[in-house]
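The values are calculated or read from the model by the stated rules, or taken from the named source; none is laboratory data. Since this is a predicted model, take the numbers as computed values, not measurements. We place every Cβ from the backbone using ideal geometry, glycine too, and count neighbours over all the protein chains shown. In case anyone asks, the SASA skips ligands and DNA or RNA and just uses the protein heavy atoms, side chains included. Shrake-Rupley method; radii C 1.70, N 1.55, O 1.52, S 1.80 Å.
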Amino acid sequence: MTESNAAAAIGATPDTPAVRRRAMFWQMVDDYSLILIFVVLFAVLSLTVQYFFSWDNMVGLLLSVSQIGMVSCTMMFCLASRDFDLSVGSTVAFAGVFCAIVANATGSVAVGVIAALIAGGLVGFVNGAVIAKLKINALITTLATMEIVRGLAFISSQGQAVGVTNDAFFTLGSASLAGLPVPVWVTLACFAVFGVLLNKTIYGRNTLAIGGNPDAARLAGVSVDRVRIAIFLIQGLVAALAGIILASRMTSGQPNAGEGFELNVISACVLGGVSLMGGRATISGVIVGVLIMGTVQNAMSLMNIDAFYQYLVRGTILLIAVLVDQLKNRRQAR
């Protein structure tokens, strides 16, 4: 921890060695506790759960969290700017269905992919414009678009799965490179790109500034509305990309795909230390959050734990993550 961070953590309290040591301790807890939890969890499961630490299962685990990982990158920006996006699950389903319909109609997978990406970007743009320009709460706005977009997915597919006749479409979800499936490489690319965006660009700094204090950011010359619209537009694009890849893996566009997807994504982000109050996010935390969620899910499946109990465990993890986030906020406010 740097001296400036320690000073910030100490605040107005007397700068004694004891206070400084206490501040450094809590800073280390904030920085490394999540990684330590994941390492311990992974080690315990490797030793106790049969087939968990096998190459096939590791590849399967990474593939299972690939869609959540992609969308968590952009959800991180939404949460860091004090917003929510509950429409990502519906966008995933609609993008998959729309891609399949357009690809079948035109005979071109590329045209289908581009059309689905445009549709996802449009959903995100509408979310951002309504929230930024009309000042409608993000929770209400994205809740409404969640229902609208899910409805469009069912209407356009007539409630049925839409198969794709072009075999090239399946390459997106089934091809491998250097032993890893393409969706995993796409997810790794998203982590790299959005990590750089968050840490090395004005866009990332403005996002954190808006989440920390939107009024101060506006007074500092940040175009708050433009940044918020951009955040949601990119969110829509990446959700559509995840939907296209998911449809490719499932060999068809499914209008009921992605149900509960938004909660898994938000859970992974919050578990990874992204503050619900905005202004705090790290890409490394999000990666660990995604891996913890996926690892727990994978282990429960290997142990044949009933799906009803899996809901219970996932909800408990989300509740614990929110409680930890609140404790951090209270401690940093002191």
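A few points about this structure:
- Computed label-point distance, nm, for sites TYR311 and PHE170 using a 7 Å Cα→Cβ extension: 3.3
- The range 57-153 - Debye-derived log10 I(q)/I(0), Cα point model, q = 0.13, 0.18 Å⁻¹: -0.52, -0.89
- Span from the the range 209-238 Cα centroid across to the the range 172-208 one, whole angstrom: 21
- Mean residue ellipticity, 222 nm, helices only, the chain: the sum of -39500 (n - 2.57) across DSSP H runs of n ≥ 4, divided by residue count and rounded to 500, is -25500 deg cm²/dmol.
- The LEU134 and LEU327 beta-carbon pair, evaluated with R₀ = 30 Å, returns a calculated FRET efficiency of approximately 0.30.
- Dipole of the range 20-147, positive end: most advanced residue of ILE68, PHE53, GLY112 [Cβ charges, Cα centre]: ILE68
- The alpha-carbon positions of the range 211-334 define a convex hull whose volume is 133 Å³ per residue.
- Sulfur and carbon atoms: percent of accessible area, the chain [1.4 Å]: 68
- Here LYS135 sits with roughly 120 square angstrom of accessible surface, probe radius 1.4 Å.
- Net length available on complete extension from ALA18 to SER54 is 8.3 nm, with 0.36 nm assigned per residue and the Cα-Cα distance removed.
- Candidate cross-link partners of LYS133 among the aspartates and glutamates, defined by an alpha-carbon separation under 16 Å and a same-chain spacing of 8 or more, comprise ASP83, ASP215, ASP225.
- Remark: relative contact order (the chain) = 29 percent; criterion is Cα-Cα distance under 8 angstrom and separation of 6 or more residues.
- Candidates LEU79, LEU197, LEU134: whichever shows maximal mean-square fluctuation once the chain is modelled as a Gaussian network with Cα springs under 10 Å: LEU134
- Taking the alpha carbon gyration tensor of the range 9-85, multiplying each eigenvalue by 5 and rooting it gives semi-axes of 36, 23, 6 Å, largest first.
- By the combined test of axial Cα extent (at least 30 Å) and Kyte-Doolittle hydropathy (mean at least 0.0), the qualifying DSSP H helices of the chain come to 17-48, 109-133, 224-250, 307-333.
- The separation of the range 82-109 from the range 16-36, counted between C-alpha centres, amounts to 44 Å.
- Cross-link partners of LYS328 among lysines (Cα-Cα below 27 Å; sequence separation of 8 or more within a chain): LYS200
- For the chain, built as a Gaussian network whose Cα springs stay under 10 Å, the top-fluctuating residue of MET146, MET58, MET277: MET58
- Alpha-carbon centroid distance for the pair the range 273-327 / the range 113-167, whole angstrom: 26
- Cα→Cβ-extended label distance, 7 Å offset, between ALA105 and VAL39, nm: 5.3
- Two numbers describe the Cα atoms of the chain: Rg and Dmax, which are 20.8, 72 Å.
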